[in-house]
Amino acid sequence: MKSLIILISLLAVSLFANNALAETLKPGDVIRDCPLCPEMVVIPAGSFQMGSTKGKKRELPLTKITIKKPLAVSRYEITFKEWDACHADGGCTKRPFDRDWGRGQRPVMNVLHTDIAEYMAWLSKKSGHTYRLPSEAEWEYAARAGSATEFSWGDQMLSGAANCRGCGTEWSGIKSAPVGQFKPNAWGLYDMHGNVLEHVTDCWTKSHKKLPPDGSPLVTKKCMSKVVKGGAWYYLSRVSRSASRARNDTRVYSYFIGFRAFREIK
């Protein structure tokens, strides 16, 4: 009985310590929950106007979104190195093809939502925290990093600022670049514009009309296509705008689509 009481006490102390650690996190903190986990940046709670009047009709109407709690976001798009660690550990079934561009620090590609679910489950098990794909609203909030312009730095693409077609880099229109080759946004997140498009949770809809104002994903009964965000090396710069949104069939993987991990903060 005494041993049981001691064990319960130790568990309580452990849980308290974990919660206390989470409560001390503040925006801008860089964390890594386990040796094989990606580096994460804590972003603040807040509100923003989602969408754009300068893009496509599918980016309308402008919608006020409120993200009520801070989130941790991977600093970079998830890389082949990070994915391959999951595969080697038995957490990820698939070993995606890299088109002979090289693995390592290049963003992982050629993965489906079902593949990504395995990776997130593996991270969650390794870390004891909830890792997942973001909603479309959470993704755009992170990309904007407090900005209201078309890109996080202004309304025009700057030459050499991102990996997209015609954007003046050695990779533009050719292939993905190793992550972190360009300046991060104001919240310390890299490659939110260009490199590879990024999967999010939301099902594809033709507009923001039914978008939940609390930042949660829009999920429909028929969900054959989902939203991808952020542009890619393959596409012109307008696809890399913060508000830009495209659709991708859930059964189709691509060499210009990857993803980024989000982590909930207790």
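What follows draws every value from the coordinates through simple rules; no lab data is involved. These numbers were taken from a predicted model, which means no experiment stands behind them. Every residue, glycine as well, gets a Cβ built from its backbone with ideal geometry; the counts of neighbours run over all protein chains shown.
What the table shows:
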| item | result |
| --- | --- |
| Hits among lysines - C-alpha to C-alpha of residue 125 under 23 Å, sequence gap 8 or more where chains match | 69, 81, 94, 266 |
| Within the chain, helix-based [θ] at 222 nm, where runs of 4 or more DSSP H residues each add -39,500 (n - 2.57), nearest 500 | -7000 deg cm²/dmol |
| Region 161-204: C-alpha gyration tensor shape, a/c 1.5 cut-off, then a/b vs b/c | oblate |
| Intensity falloff of region 144-266 expressed as log10 I(q)/I(0), Debye formula with alpha-carbon point scatterers, at q = 0.13, 0.14, 0.19 Å⁻¹ | -0.53, -0.61, -1.08 |
| Kyte-Doolittle mean at least 1.0, axial Cα span of 30 Å or more - DSSP H helices of the chain | 2-24 |
| Over 18 Å between alpha carbons, listed pairs 54/206; 68/229; 64/210; 56/221; 68/126 | 68/229; 56/221; 68/126 |
| For Cα extents along the principal axes in Å, calculated from these coordinates, the label among (1) 69, 43, 38; (2) 59, 30, 30; (3) 84, 52, 34 | (1) |
| Mean Cβ neighbour count within 10 Å, used as a protection proxy, ranking 229-238, 205-214 highest first | 229-238, 205-214 |
